[in-house]
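Worksheet for the structure shown next.
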Amino acid sequence: MRRLFITAVIFCLCLTSGFKAVAATKTKTATAPETKKVELDTDKDYLSDRLEKAIGSDPQNPDSDGDGYLDGTEVAAGYNPLSNSKKPLDKLIKVDLKTQHLWYYLGDKLLADFPISAGIKSLPTPKGEFKILDKVQVKTYGGQGYNFYYPNTKWNLHFATGQYRFYIHGAYWHNNFGQPMSHGCINVSYDNMEPLYWFAQVGTKLIIN
Ligand SMILES: [Ca+2]
Ligand SMILES: [Ca+2]
């Protein structure tokens, strides 16, 4: 329970503190949008009405199982908001490169699925079973020595390191999701990436087929 509490504190701090994007020093590409998407969360338990519906928790009750922990805090830490069991649920992110699509699950519940843009043919996204290694809220891709520059990119989930580091991350410079577009990372729209970022934990399993 100590772990749950610590994670809860970090999660709440993250949600309440927000952050300011650092001003871009170059203007080679589009600048990152500043707006933060906020989904409807009627009972203010840090779990959106949309995710409460997918999980089956009560969108009008911030503590659906009455164990003293908010629904959103439990999901962030990997616990079931419908049961006071101390056994965490498995989290899984699945990507299919053929259809350029992503699904993510809490236990056996599908929370969301949407189109993504993975690596183009000459810069393919690695296939296999991975784990989320790091969560980085804001990151710059490219810059000096690259022919692209995407500063202040939000919601980055690091999952592999080879010659380059591979991430699932928000992408604000195109809206061509469903088609391969990237240099090997997995591009997701900001609207879809922000909830996935808060859902994923270091260690969450990722399967790319
Ligand atoms: Ca809620
Ligand atoms: Ca609870």
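Numerical summary
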| read-out | value |
| --- | --- |
| Distant-in-sequence amide H partners of residue 206 (H built 1.01 Å from N, under 5 Å) | 93, 130, 131, 132 |
| Note, ³J(HN,Hα) from phi for segment 121-131, Karplus 6.51, -1.76, 1.60, rounded to Hz, x at Gly and Pro | 3, 6, 9, x, 6, x, 9, x, 10, 10, 10 |
| Spatially proximal aspartates and glutamates relative to residue 127 (Cα-Cα < 16 Å; intrachain offsets below 8 disregarded) | 96 |
| 207, 132 arranged by Cβ crowding within 10 Å, fewest neighbours leading | 207, 132 |
| Net +/- balance of residues flanking residue 49 in space, Cβ distance below 13 Å, scoring K and R +1, D and E -1 | -4 |
| Using alpha carbons only: equivalent-ellipsoid semi-axes of segment 91-208, gyration tensor based, whole Å | 21, 15, 14 |
| Rough spin-label spacing in nm, given labels placed 7 Å along Cα→Cβ, for residue 61 and residue 131 | 3.5 |
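Every read-out reported here was derived from the displayed coordinates using simple, explicitly stated rules and does not represent laboratory data. On a predicted model such as this, the values are computed, not experimentally measured, just so you know. Heads up, the Cβs are rebuilt from the backbone with ideal geometry, glycines too, and the neighbour counts pull from every protein chain shown.
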